[in-house]
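Novice: Input: one structure, supplied below.
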Amino acid sequence: MNTDDLKQLIKDGLSAQRAGSQVAAQATDEILNDAKHPELKAALQEGNETSKKWAQRIEDAISEVGGAENQNNEILEAHYRVSKEIRAKATSDTTRDLGIIASGQLALHYWIASFGTVASYASSAGLTQTEQNLKACVQEAKQADDKHTDIAQRILAEQGQE
């Protein structure tokens, strides 16, 4: 494959990640305010800090690849709208917290796929720093996903649902 074509795919992916990062930044305070379970609130606060690292890594990667155009991330924008609906329909704090977890895990899976794909493209294009940074993001997203699963299981156990 032509290296220029591959770099354009990388730029497009990074641009989508940048836009997604901006969507996530807008949503975080609202979601954190809606969460009630203390362990979930702590995990969300930790996730907010991790998201800031991701945003910086994305900017570093954009610099390494020579810049990228701005765009929207319709996937995460739609996901955010659905997250709002899930939280609004919740009939209890527990249901809302579990909805936040489910919705958050969907977003984490988006990030795992997106970071992983662009990292492999960066590897093929010889963009070593971008590859390393995005692989670090993948690992952090996987860890957050596992943590959210554990929290959901504990919430369910507290409610006698497991």
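The values are calculated or read from the model by the stated rules, or taken from the named source; none is laboratory data. Everything numeric here is computed off the predicted structure, so don't read it as measured data. FYI the Cβ positions are ideal-geometry reconstructions off the backbone, even for glycines, and counts take in every protein chain you see. Just so you know, the surface numbers come from the protein's heavy atoms only, side chains and all, with ligands and any DNA or RNA stripped out. Shrake-Rupley method; radii C 1.70, N 1.55, O 1.52, S 1.80 Å.
Novice: How many times 2.2 N^0.38 Å is the alpha carbon radius of gyration of the range 1-102? Write down the numbers at each step before the final one.
Specialist: Numbers: Rg = 16.4 Å, N = 102, 2.2 N^0.38 = 12.8 Å.
My calculation over the Cα atoms of the range 1-102 gives 1.29.
Novice: Next question, about the same structure. Calculate the spin-label point distance for Ala157 paired with Gln143, positioning each point 7 Å from the Cα along the beta-carbon direction, and give it in nanometres.
Specialist: Rounded to a tenth, the inter-label distance reads 2.2 nm.
Novice: Quick one: net charge around Lys52, please, counting Lys, Arg +1 and Asp, Glu -1 for every other residue with C-beta under 14 Å from its C-beta. Walk me through the intermediate numbers first.
Specialist: Working: positive: Arg18, Lys53, Arg57; negative: Asp29, Glu46, Glu49, Glu59, Asp60, Glu140.
Surrounding charge for Lys52 is -3.
Novice: Please give the helix 38-65 orientation as an angle from the longest Cα principal axis of the chain, in degrees from 0 to 90, rounded to the nearest 10.
Specialist: Approximately 10 degrees, to the nearest 10.
Novice: Here's something else I'd like to know. Out of every Cα-Cα pair in the range 85-127, what percent are more than 17 Å apart? The partial results should precede the final answer.
Specialist: Details: 450 of 903 pairs.
Everything past 17 Å amounts to 50 percent.
Novice: By how many nm would the segment from Ala78 to Asn33 grow when fully extended, if each residue of separation counts as 0.36 nm and the alpha-carbon distance is taken off?
Specialist: Numbers: separation 45, 0.36 × 45 = 16.20 nm, distance 2.02 nm.
Between Ala78 and Asn33, full extension yields an extra 14.2 nm.
Novice: Let me ask you something else. In Å², and per residue, what accessible area does the range 8-153 have when probed at 1.4 Å with the other protein chains present?
Specialist: Values: 7350 Å² over 146 residues.
Here the residues of the range 8-153 average 50 Å² of exposed surface.
Novice: Could you tell me what a quarter of the Cα convex hull surface of the range 6-66 works out to, in nm² with one decimal place? Each step should come with its number before you reach the end.
Specialist: Details: hull surface 16.8 nm².
Quarter of the Cα hull surface area: 4.2 nm².
Novice: Between Gln45 and Leu9, what's the calculated FRET efficiency when r is the beta-carbon distance and R0 is 35 Å? Round to 0.05.
Specialist: On the way: r = 34 Å, r/R0 = 0.97.
That gives a FRET efficiency of 0.55.
Novice: Same structure, new question: Expressed as a whole percentage, what fraction of the accessible surface of the chain belongs to carbon and sulfur atoms when a 1.4 Å probe is rolled over the protein heavy atoms? Write down the numbers at each step before the final one.
Specialist: Numbers: 4160 of 8720 Å².
Roughly 48 percent of what the probe reaches on the chain is carbon or sulfur.
Novice: If one puts a single equal scatterer on every Cα of the range 121-162 and applies the Debye formula without solvent, what log₁₀ I(q)/I(0) results at q = 0.18, 0.21 Å⁻¹?
Specialist: -0.59, -0.67
Novice: Mean residue ellipticity at 222 nm from the helices of the chain, using -39,500 (n - 2.57) per DSSP H segment of n ≥ 4 over the full residue count, to the nearest 500 deg cm²/dmol? Walk me through the numbers on the way to the answer.
Specialist: Values: 5 runs with 140 residues, N = 162.
Taking each H run of at least 4 residues, the total per residue is -31000 deg cm²/dmol.
Novice: Principal axes first, then extents: for the Cα atoms of the range 26-162, list largest minus smallest coordinate on each axis, whole Å, largest first.
Specialist: 51, 26, 20
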